[in-house]
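Student: Shown below is the structure under consideration.
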Amino acid sequence: MAITLVNPGGLPEIGAYRQVSIATGSKLVFIAGQVAWDADGVTVGEGDLTAQVEQCYLNVGTALAEVGASFDDVAKLTVYVADWAPDKLPLFMEGVARAAAKLGVTPVPPATLLGVAALHVPEHLVEVEATAIID
C-alpha cells in the first residue's frame, strides 16, 4: 500500500481520521468532485444527505477502480456539504458506512469537510473529491 496514515504525538487523536498521510507511490490520481449522480446523470437521494453521501462515495470508488486504485490508495478526501451543521455528522457517517459496506472497504472519512452555502446544482447536498497515489 502506498499510503500510511499517522497521528503524530503532540496532535489530538481524532477517531474519524489521521492527522498525516504519507504517500510513497509514483502516480498521483486526482478524482474530480463527485456528486450524487447515477451513471445516467440523475440525482440520487434528493433531499437525503445519507443517500447522497453514499452515492458520492460509490462514484469515487468507480473512478478509482477505473485507474486501478481503491480507497486504500486515497491520500486525501475533501468533502463539501451544503448548509453544513455538526448535527448532520451522524447522517454523513451513515452514508460513508453504507458505501463502504457496498464497496467492501474500511469506511474512509474525509481529511477535510467544508460547509458551503450551496453546490452548483441546487438538489446536490454533498460533493466528494479524492487524491490518491498508486505505483
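The values are calculated or read from the model by the stated rules, or taken from the named source; none is laboratory data. These figures come from a predicted structure and were not determined experimentally. Glycine gets a Cβ as well: all are built from the backbone with ideal geometry, and neighbour counts include every protein chain shown. Protein only, heavy atoms only, side chains kept; ligands, DNA and RNA dropped before computing areas. Shrake-Rupley method; radii C 1.70, N 1.55, O 1.52, S 1.80 Å.
Student: Please specify each residue of the stretch 119-135 satisfying the condition of being assigned to a strand (DSSP E or B), of a type in the set (A, V, I, L, M) and closer than 16 Å to ASP38 by Cα.
Tutor: VAL126, VAL128
Student: Right, another one. Return the total of residues in the stretch 100-115 being aliphatic (A, V, I, L, M), surrounded by fewer than 17 Cβ atoms within 10 Å (Cβ to Cβ) and either within 9 Å of the chain's Cα centre (by Cα) or under 16 Å from VAL79 (Cα atoms) (or both).
Tutor: 1
Student: Another question, if that's okay. For the stretch 116-135, how many residues are open to solvent by 30 Å² or more (accessible area, probe 1.4 Å), more than 20 Å from THR43 (Cα to Cα) and over 12 Å from the mean Cα position of the chain (by Cα)?
Tutor: Result for the stretch 116-135: 1.
Student: Every residue in the stretch 28-54 that is surrounded by 19 or more Cβ atoms within 10 Å (Cβ to Cβ) and among the aromatic types (Phe, Trp, Tyr), please.
Tutor: Passing the criteria: none in range.
Student: Pull up the stretch 6-30, narrow it to residues that are hydrophobic (A, V, I, L, M, F, W, C) and farther than 22 Å from GLU94 by Cα, then point me to the one that is nearest to the chain's Cα centre (by Cα).
Tutor: PHE30
Student: How many of the residues making up the stretch 1-29 are part of a strand (DSSP E or B), of a type in the set (Val, Ile, Thr) and modelled with pLDDT of 75 or more?
Tutor: 5
Student: Output the qualifying pairs, or none if there are none: Cβ atoms under 6 angstrom, residues six or more apart or on different chains, first residue in the stretch 95-116 and free of Cβ contacts under 8 Å to residues at least 40 places away in the same chain, second residue in a loop (DSSP other than H, G, I, E, B).
Tutor: Correct list of pairs: ALA97/PRO107; GLY115/TRP84.
Student: For the stretch 81-92, enumerate the residues that are open to solvent by 60 Å² or more (accessible area, probe 1.4 Å), touching a residue at least 12 places away in the same chain (Cβ under 8 Å) and not aromatic (Phe, Trp, Tyr).
Tutor: ASP83, LEU91
Student: Please enumerate the residues belonging to the stretch 91-118 that are among the β-branched types (Val, Ile, Thr), part of a loop (DSSP other than H, G, I, E, B) and within 14 Å of GLU54 (Cβ to Cβ).
Tutor: Those that are among the β-branched types (Val, Ile, Thr), part of a loop (DSSP other than H, G, I, E, B) and within 14 Å of GLU54 (Cβ to Cβ): VAL105, VAL108.
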